[in-house]
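Q: Structure provided below as structure tokens; questions to follow.
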Amino acid sequence: MKQTIVKLLVVIFLFPLMTQPVLAAEKKNSELADSARSAILIERDTGKILYEKNSNQELPPASMTKIMTMILIMEALDKGKITLKDKVRASEYAASMGGSQIFLEPGEEMTVNDLLKGIAIGSGNDASMAMAEYLAGSEEKFVAKMNQKAKELGLTHTKFQNPTGLPVENHYSTAHDMAMMGRELLKYEKIINYTSKYEAYLRTDTDKKFWLVNTNRLVKFYPGVDGLKTGFTGQAKYCLTATAKKGNMRVLAVVFGASTPKDRNNQVTKMLDYAFSQYTTKPLYKKGDVITKIDVNKGSEDQVTAVTSEPISVLLKKGNVAKDVKTEVKMNEKLNAPIQKGDKIGTLTIKKDNEVVSSSPLLAKEDIDAASWWKIFKRTFSIFSQTS
């Protein structure tokens with residue numbers, strides 16, 4: 001009886017010590033973004049959510065809106081519709097934007113490269129509007145493209161009314177949706193050449209040299225941070241979508257509605273610290289890796305090459321190893337020419353322990369034009385000759 005009582009007392013005594021690390025970990029995790037209105041932390045390659053708080057609450061995103069603006073710019077560059085050397089003429093309307101700006105004058109011409117600097121580093125509303133008009137012809141048409149892209153990405157809690165994030169009714173997004181937009185923007189690896197710069201200059205060959213300083217101070221003060229976009233209005237308060245890379249792992253942290261810039265940066269820093277201390281990734285594929293070739297009907301070429309659209313990894317808790325990882329490739333049925341470079345032609349799925357951990361589009365590596373009737377005739381005749 002005495003032994004039973006002693007054992008019971010030992011268990012009672014040790015129980016608080018046994019549970020303390022668990023409770024401390026839960027408390028630490030719950031306080032990652034304690035004073036933000038909403039927040040989320042994800043690993044980029046898998047999209048795995050590592051932490052979230054009110055992540056689907058619809059809120060004004062302020063200048064984080066420009067993440068979608070930059071997605072459409074980078075998409076146009078990637079598809080060859082525009083080049084970095086293109087000259088863009090600022091309309092009177094674009095030059096009239098208030099808030100953060102690079103002080104474009106009506107009629108001033110600036111390259112796409114410099115305007116992208118003005119958006120990514122200086123958060124220029126005038127630069128954003130100039131690019132919107134250049135890409136779509138008008139703000140209204142560009143906003144339609146923004147909302148269409150949001151729909152394509154499966155973002156159900158986002159609606160845009162302008163390409164800048166300036167306050168307007170019915171313009172909103174969420175921490176979750178912003179993280180997904182950040183993932184999409186990071187598929188265009190060259191965007192880091194802009195978002196990672198702490199400072200840059202515009203109009204360097206004139207007497208109106210203009211100094212840009214990145215509104216995202218973590219680019220300078222947190223090792224590994226190389227983007228993406230801040231935001232602030234009186235209604236939205238201080239917002240930030242940040243990305244950082246250490247080793248093979250890249251993460252995204254989003255904060256809405258912090259009370260001060262310092263508070264915003266502190267909460268993002270906590271989330272980044274948590275991600276890099278607790279997790280690691282095992283890379284499986286790089287962006288652009290060749291996966292397979294697939295037949296094309298009535299094309300100038302018989303086959304098209306399928307490549308990965310983004311880096312693909314497996315996320316692991318630190319100390320664990322990647323076991324039972326399987327790759328499944330599913331190609332679209334009956335691909336018909338013409339096919340454009342970048343068209344989705346299949347899906348690459350990664351499974352770990354028979355659970356899907358990521359699913360990523362496979363893209364066409366090259367253009368495949370429709371074959372001429374003469375080429376189709378010769379191809380058909382050749383097949384007929386071989387079988388007869």
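Residues are listed down the side, and each one gets a yes or a no for (1) touching a helix residue (DSSP H, G or I) at 6+ places or on another chain (Cβ under 6 Å); (2) surrounded by fewer than 21 Cβ atoms within 10 Å (Cβ to Cβ):
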{"site": "Glu169", "(1), (2)": "no, yes"}
{"site": "Ala179", "(1), (2)": "no, no"}
{"site": "Thr206", "(1), (2)": "no, yes"}
{"site": "Asn214", "(1), (2)": "no, no"}
{"site": "Leu228", "(1), (2)": "yes, no"}
{"site": "Gly231", "(1), (2)": "yes, no"}
{"site": "Gly234", "(1), (2)": "no, yes"}
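Q: Continuing with this model, one more query. Check Lys262, Lys197 and return the single one that is part of a loop (DSSP other than H, G, I, E, B) and open to solvent by 80 Å² or more (accessible area, probe 1.4 Å).
A: Matching residue, one of Lys262, Lys197: Lys197.
Q: Give me a count of the residues in the stretch 113-139 that are among the acidic types (Asp, Glu) and either touching a Ser or Thr at 6+ places or on another chain (Cβ under 7 Å) or buried (at least 24 other Cβ atoms within 10 Å of the Cβ) (or both).
A: 2
Q: Do we have Gly165 as open to solvent by less than 60 Å² (accessible area, probe 1.4 Å) and under 14 Å from Pro61 (Cα atoms) here?
A: yes
Q: Do you know which residues across the stretch 304-322 are surrounded by fewer than 19 Cβ atoms within 10 Å (Cβ to Cβ), in contact (Cβ under 8 Å) with a residue 24 or more places away in the chain and not small (Gly, Ala, Ser)?
A: Thr305, Leu316, Lys317, Lys318
Q: Moving to a separate point now. Could you pull out the residue among Ala39, Ala33 that is modelled with pLDDT under 95, out of contact with any Gly (no Cβ under 7 Å at 6 or more places or on another chain), open to solvent by less than 10 Å² (accessible area, probe 1.4 Å) and outside any helix (DSSP H, G or I)?
A: From the options Ala39, Ala33, the qualifying one is Ala33.
Q: Scan the stretch 53-96 for residues that are of a type outside the set (Lys, Arg), surrounded by fewer than 20 Cβ atoms within 10 Å (Cβ to Cβ) and touching a Ser or Thr at 6+ places or on another chain (Cβ under 8 Å) and report the count.
A: Summing the residues that are of a type outside the set (Lys, Arg), surrounded by fewer than 20 Cβ atoms within 10 Å (Cβ to Cβ) and touching a Ser or Thr at 6+ places or on another chain (Cβ under 8 Å) in the stretch 53-96 gives 7.
Q: Residues of the stretch 323-358 being assigned to a loop (DSSP other than H, G, I, E, B), under 16 Å from Asp289 (Cα atoms) and either open to solvent by 100 Å² or more (accessible area, probe 1.4 Å) or in contact with a Phe, Trp or Tyr (Cβ under 8 Å, 6 or more places away or on another chain) (or both), which ones?
A: Just the residues of the stretch 323-358 that are assigned to a loop (DSSP other than H, G, I, E, B), to begin with: 323-324, 332-335, 337-338, 340-343, 353-354.
Add one more test, that the residue is under 16 Å from Asp289 (Cα atoms), and what stays is 341-343.
Residue satisfying the conditions is Lys341 alone.
Q: If I filter the stretch 270-290 for residues that are in contact with a helix residue (DSSP H, G or I) (Cβ under 6 Å, 6 or more places away or on another chain), closer than 30 Å to Asn125 by Cα and open to solvent by less than 10 Å² (accessible area, probe 1.4 Å), do I get at least one hit? It would help to see each step written out before you state the result.
A: The initial filter retains those residues of the stretch 270-290 that are in contact with a helix residue (DSSP H, G or I) (Cβ under 6 Å, 6 or more places away or on another chain), namely none.
No, the stretch 270-290 contains no residue that is in contact with a helix residue (DSSP H, G or I) (Cβ under 6 Å, 6 or more places away or on another chain), closer than 30 Å to Asn125 by Cα and open to solvent by less than 10 Å² (accessible area, probe 1.4 Å).
The values are calculated or read from the model by the stated rules, or taken from the named source; none is laboratory data. In this text the structure is predicted, and so the values were computed from the model without any measurement. Glycine gets a Cβ as well: all are built from the backbone with ideal geometry, and neighbour counts include every protein chain shown. Ligands, DNA and RNA are excluded from the accessible area calculation, which covers all protein heavy atoms including side chains. Shrake-Rupley method; radii C 1.70, N 1.55, O 1.52, S 1.80 Å.
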